[in-house]
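Quick notes on the structure that follows.
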Amino acid sequence: MNEFDEKMKTTKKVPFSKTQLLIEKDTFDSMNKVINETKKVIELEPKKQELFLEVNEYTKSH
């Protein structure tokens, strides 16, 4: 049994390196930031359109 345990310890392969995992985490975090900023922009779009129309009407009236 001990021999088997030793063989298992030496044959285990780590599918990802620590560096690769850190890069993937950074990429994931960056993507989440982009998604959150995009959601904010989408939420602000109707307000921006309303303000644009208001300014446009104001300039037409003068």
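Here is a check on your reading of the model: is residue 10 surrounded by fewer than 10 Cβ atoms within 10 Å (Cβ to Cβ) and modelled with pLDDT of 90 or more? The answer is no for residue 10. Is there a residue in segment 13-31 that is modelled with pLDDT under 90, basic (Lys, Arg) and open to solvent by 90 Å² or more (accessible area, probe 1.4 Å)? Yes, segment 13-31 contains at least one residue that is modelled with pLDDT under 90, basic (Lys, Arg) and open to solvent by 90 Å² or more (accessible area, probe 1.4 Å).
The values are calculated or read from the model by the stated rules, or taken from the named source; none is laboratory data. Model, not experiment: these values are computed from the prediction. Every residue, glycine as well, gets a Cβ built from its backbone with ideal geometry; the counts of neighbours run over all protein chains shown. Note: accessible area is taken over every heavy atom of the protein model, side chains too, but ligands, DNA and RNA are not part of it. Shrake-Rupley method; radii C 1.70, N 1.55, O 1.52, S 1.80 Å.
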